[in-house]
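Here is the structure we will look at, set down as structure tokens.
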Amino acid sequence: MLARTGAVDSAQAVLSLRGIVKSFPGVRALGGVQLDLYPGQVTALVGENGAGKSTIVKVLTGIYQPDEGQILVDGQAVHFPTAQAAGHSGVTAIHQETVLFDELTVAENIFIGHSPRNRFGLIDRKAMREQAGAILNSIGADLNPMVRLKDLSIASRHLVAIARALSIDARVVIMDEPTAALSHKEIAELYELVEKLKSQGKAILFISHKFDEIFRIADRWTVFRDGQFVGQGMMADVTEAELVRLMVGRSVEQIYPKRPAQIGGPALTVVGYCHPTEFEDINFTLHTGEILGFYGLVGAGRSEVMQALFGITRPSRGACRIGDDVRAIRSTAQAVEAGIVYVPEDRGKQGAVKGLPIFQNVTLPSLTRTSRAGFLRLAEEFALARDYTQRLDLRAASLDQDIALLSGGNQQKVVIAKWLATKPRVIILDEPTKGIDIGSKAAVHDFMSELAGQGLAVIMVSSEIPEVLGMSDRVIVMREGRIAAEFAGDQMTPENLVRAAVGSNGGTI
Ligand SMILES: Nc1ncnc2c1ncn2[C@@H]1O[C@H](COP(=O)(O)OP(=O)(O)OP(=O)(O)O)[C@@H](O)[C@H]1O
Ligand SMILES: [Mg+2]
């Protein structure tokens with residue numbers, strides 16, 4: 001049933017890769033992998049953090065040159081020395097790093113590098129506007145082609161990136177974790193778009209760590225593990241458990257290893273927190289040793305409350321008590337000083353310091369905290385970083401490596417390690433396992449649970465119901481900027497959480 005030879009009717013594939021090898025100093029990122037993409041079908045590429053998914057995308061789009069192996073388009077060997085060459089062969093990628101220009105209009109961004117020209121060889125602005133409008137229309141994007149990009153939301157920019165991909169008449173569209181930065185509504189729109197692209201006969205490569213979305217939109221699967229091809233087949237013939245086993249090389253049963261912890265006295269008490277626009281009347285107490293889940297729909301105000309607790313924004317009213325001290329937290333430095341840290345959902349911004357080695361990324365904030373007592377010695381620094389990164393299942397060639405060279409998911413693990421290493425009293429984790437593969441998720445959860453067992457108080461904001469229910473001692477549900485409900489024990493059920501989050505008083509949802 002699982003075709004491990006890879007001989008899945010490659011005759012019809014629009015694009016095939018054979019025996020692709022790509023090494024970086026000290027790392028063999030791809031060790032002879034294959035991949036086949038078919039017209040009108042979505043192929044999901046799955047694998048752990050660091051398996052080589054983004055690297056293959058870069059080979060496919062001419063950003064990296066493979067050391068060995070072949071790229072076949074319609075069965076003919078081709079070379080992609082540049083991104084333009086890949087574009088000419090109809091291969092295009094939509095990823096977070098798609099280069100768009102803030103100061104240019106939507107239409108200019110779509111056509112940059114291949115604008116329609118008039119008979120004098122000048123850019124034909126009218127044609128450009130019309131064609132941009134037509135492409136945006138074809139993907140159901142209600143955007144004005146003349147608006148400057150800087151005035152658009154992230155989701156709209158995404159649509160521009162997609163329109164750009166389609167403007168070069170792409171036959172192969174690659175999406176590398178496209179839904180990681182999108183809200184529920186935007187994700188639904190992206191799925192619709194994928195359906196449209198399929199119906200136009202495009203071959204789609206879809207990279208995601210979210211199994212529900214893979215099973216929803218993919219026709220085929222391919223698994224990489226440690227830079228090796230493990231297998232490929234049809235989604236209809238595979239179960240989630242089988243895919244996970246192929247990915248991590250073992251079965252993952254205990255995904256939520258929550259251990260019962262000794263719940264102690266109040267670690268953080270929040271009284272009457274209000275914000276002029278984002279939230280109102282937030283009251284709760286978090287105890288030592290407790291993992292308190294925050295569930296809600298995107299936009300319910302969870303992250304905004306957390307940002308206020310961490311001193312990024314200020315509440316208009318309310319007070320908070322850390323342990324027995326009443327504190328006004330007016331800056332992140334004060335929050336860290338008081339023992340509260342926040343690991344934001346958008347780890348790109350607050351996260352990795354590119355250009356610094358992994359170990360320094362981990363120890364940076366701890367250093368500033370301990371500098372009064374003298375600098376951490378290099379060996380100690382290293383040991384601290386090793387300890388924390390190992391617990392989070394970091395995959396890196398060495399801790400001396402520049403963090404920028406890590407895979408996306410592994411960078412996230414470093415950012416989590418860095419905040420945990422400050423030994424806070426209270427840690428707020430916003431979507432802690434977003435972008436982290438299913439095998440490493442267990443490691444992250446296990447470490448959280450162990451630290452709670454040692455008396456750390458944890459707030460976990462998560463939109464994943466199994467994670468919230470599996471890890472939390474108690475769950476607060478927010479809706480429209482307010483606390484809508486709180487559940488513990490038997491009351492912590494998926495139905496209760498969803499009902500409270502959407503505001504329905506019973507009936508079906
Ligand atoms: N420019 C580079 N220099 C050195 N090593 C690199 C470079 N790019 C990638 N790597 C390494 O290659 C391996 C594969 O990384 P890649 O980004 O392809 O993983 P991935 O499957 O996309 O993971 P994730 O799910 O975390 O995004 C990793 O070990 C990574 O550290
Ligand atoms: Mg990646």
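General observations
- For segment 65-208, alpha-carbon Rg over 2.2 N^0.38 Å: 1.07
- Cleavage-rule hits, trypsin sites (Lys or Arg not before Pro), segment 305-346, DSSP coil, Cβ neighbours within 10 Å at most 12: ARG330
- Rounded to the nearest 0.05, the FRET efficiency derived from the C-beta distance between VAL326 and ARG148 at R0 = 56 Å is 0.75.
- Alpha-carbon centroid distance for the pair segment 39-77 / segment 381-442, whole angstrom: 27
- DSSP loop chymotrypsin sites (Phe, Trp or Tyr not before Pro) with at most 16 other Cβ within 10 Å excluded, longest remaining stretch of the chain: 121-374
- Residues ILE217, ILE465, sorted by accessible area with the largest first, give ILE465, ILE217 [1.4 Å probe; ligands and nucleic acids excluded].
- Pair-distance profile P(r), taking every C-alpha pair of segment 356-423, with 10 angstrom steps and integer %: 23, 58, 17, 1
- You can think of it this way: the chain between SER316 and ASP219 has 29.9 nm of extra reach, that is 0.36 nm per residue less the Cα-Cα gap.
- Dividing the convex hull volume of the alpha-carbon atoms in the chain by its residue count gives 168 Å³ per residue.
- DSSP assigns beta bridges within the chain; of those with both partners inside it, close to 55 percent run antiparallel.
- Annotation: extensible slack from ILE63 through GLU240 equals 60.5 nm (criterion: 0.36 nm per residue apart, minus Cα-Cα distance).
- Among the trypsin sites (Lys or Arg not before Pro) in segment 202-302, those placed in a DSSP loop whose Cβ has at most 13 other Cβ atoms within 10 Å are ARG250.
- Rounded to 10°, Cα long-axis angle of helix 408-420 versus longest principal axis of the chain: 10
- Kirkwood's formula applied to the C-alpha pairs of segment 211-347 gives a hydrodynamic radius of 18.6 angstrom.
- Pairwise FRET efficiency - GLU486 versus GLU380, Cβ, R0 = 51 Å, nearest 0.05: 0.75
- The angle between the Cα long axis of helix 184-199 and the main principal axis of the chain comes to about 20°, on a 0 to 90 degree scale.
- Helix 358-370 axis versus longest C-alpha principal axis of the chain: approximately 30°, rounded to the nearest ten.
- Fraction of antiparallel bridges per DSSP, segment 117-267 only, in percent to nearest 5: 60
The values are calculated or read from the model by the stated rules, or taken from the named source; none is laboratory data. Predicted, not measured: the structure shown is a model, and the values here were computed from it. Here the Cβ is made from the backbone with ideal geometry for all residues, glycine too, and neighbour counts use every protein chain on show. To get the accessible areas, we keep the full protein, side chains included, count just its heavy atoms, and leave off ligands, DNA and RNA. Shrake-Rupley method; radii C 1.70, N 1.55, O 1.52, S 1.80 Å.
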